[in-house]
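What follows is a set of notes on a single structure, which appears directly below.
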Amino acid sequence: MIQFLKKNILFLFLFFYFIIGSFNSINTGISFDEYHEQKNWNFHVKYTKKLSSHIFLGENFDEKLNEEYIVNYLGYGIGFQIISQPIQSLLKDSISKLSQINDYGAHLTAKHFVVFLFFFLSGIFLYLILKKIINDKFFCSTTLALYLLYPYLFGQSMFSPKDIPFMSVWLMCTFISFYLFDLIIKNNKLNYLSVFFFSLSTAYLLSIRIAGILILFQYLITFIIYLSSTKASLISFFKKFYLKILFFSFTTLLFTMILYPPFLLDPSLFFLSIDRMASYFNDVCTNTLGSCMHPKNLPSTYIPIWLMVKLPFFIIFGIFLLPIVEKKIFIDTRKNIFFGTIVGSSLFIPLLLIIRKVHLYDELRQVMFIVPLLFILGSVSLYYFSKRIFYVLAVIMICIFTIENIKINPYQYVWFNLPSRFIDLTKKFELEYQGISGREIAKKISLSNNDNLCILVNPEHTVKPYLNPTRYNCFAIWQAIDTNYKRPFLAVQHVRNIKKGKSYKCKTIYKSNFTLLFHKKRFVTGKLLKCT
């Protein structure tokens, strides 16, 4: 029995982790973005139908659809939803019965399972990437467990329909690119099937968010390190593989166009979307180390500050050790290419975003794909510095991660690392900006005797799906709280509205909150007010 457990401990961990994570995901509240993500899918379905009628039946195309796309949906494709929507349709009825939630809410919640599935698979790709750098199964398994239990990413994997799929597919693209260069190193050959999957995965990344174009810089870094490490000739490389390169370029472009239906009608939108996403303006500020930082005027410290409070301590420690251990790591061609790519991408891409002054908000959402790369960087560096220190810290962190995943559920994505807990995080940083607390507050409303009162909440979809429509069928936006809206009414104060003070003749009747280990301040994630 003991021998069986030793041989299968990773498999058993993954099995139970997947079951628990899947169940937890469909019991997590609906986030701010999910309504807009569903609208994005609905729009693309409508657009594709109109485009098909235009191409095959000769019907006139409504140009207003292009205008609507540019204003509301530019830069977001349908790759993830092609997979998620069929699964959502299969799961929504069961979730509706299990969670006592309306059909629309159940459809949105069903996507949580698919998001978690993508995160789970990202862990597998992280494991495979690590094996190419360090062929030590126990190290790779331990780092995989740390990654999957890391509260910040685990919390995001419970609901985030844009950031987690994008991050996960980025890791998949990274692994496939390493696999191809491994083939070149070993056999000096490439087959078209491998290149086909490489182009498909790259296009799929772009289809989730056009910012996936940044992966091309990572490919370039890999290629440059390959040429440098192998002393290969650039000209001879292109002579040998130019047909494969052309095939990759053509199929990547083709798949991208297919996964972005508007691009088929107007290919120039591809370039417009890249420019628009870099300068996308969301009129919010993100509380960062006590400063309200606006997307249009971000200081160069924005990304480093958030990484310093969100990355686990042992990863930060490992990154700082890199100059000491780099000679132990870069010892052969394969390690030079694979680990060198991780180092180069982790440094170059954030630097590019800072120099380009790309608009970012809501902490690390748009750059979350960098986090697993830094995770690999820090863990490998720490391992080479001292295996004993790595495993001691790993055991401690696995225990802390497990406790906090239970203790602060469902708000793990608000998690901050241990060093940052010496400051007052509740005043210094953005906290619960996605509205996950809406589900908890809705349960409190259902248990109250406030039937038939109107509810002021923004966004409405974070609360309404959990309420009985015969008891609560009147809803208005939160901003109406400071108007002459007819009283009495209930008001849900969450997302960024949580920062606002108490309104006229309103009293707090419930707070959703949690506390982190070794941090005294309570994190308030939402409030229920009664205004008379």
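None of the figures in this text is laboratory data; all of them are computed from the coordinates on show. Note that the structure is predicted; figures quoted are calculated from it, not measured. Note that we place each Cβ from the backbone using ideal geometry, even for glycine, and neighbour counts take in every protein chain shown.
Some values worked out for this structure:
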quantity	calculated
For the stretch 120-136, Karplus couplings with θ = phi - 60° (6.51, -1.76, 1.60), whole Hz, Gly/Pro x	4, 5, 4, x, 5, 5, 4, 4, 5, 5, 4, 5, 6, 9, 10, 7, 10
The chain, relative contact order [Cα under 8 Å, separation at least 6], %	17
The chain - Cys residues lacking any other Cys C-beta under 4.7 Å	Cys140, Cys173, Cys399
Acute angle (nearest 10 degrees) that the helix 32-56 long axis makes with the longest principal axis of the chain, alpha-carbon atoms	70
Angle in degrees between helix 163-187 and the longest Cα principal axis of the chain, rounded to the nearest 10	10
Peptides ranked, highest mean first, by Cβ atoms within 10 Å: ranges 264-276, 208-220, 111-123	111-123, 208-220, 264-276
Sequence-separation-based contact order of the stretch 389-532, relative, with Cα cut under 8 Å and 6+ spacing, percent	26
Helix-only CD estimate at 222 nm, as mean residue ellipticity for the chain, using -39500 (n - 2.57) per DSSP H run (n ≥ 4)	-20500 deg cm²/dmol
Environment charge of Ser53, counting only residues whose C-beta is closer than 13 Å and scoring Lys/Arg +1, Asp/Glu -1	+1
Helix 437-447 vs. the chain, principal-axis angle (Cα, 0 to 90°, nearest 10)	30
Rounded Å value of the spacing that divides the Cα centres of the stretch 286-311 and the stretch 322-336	31
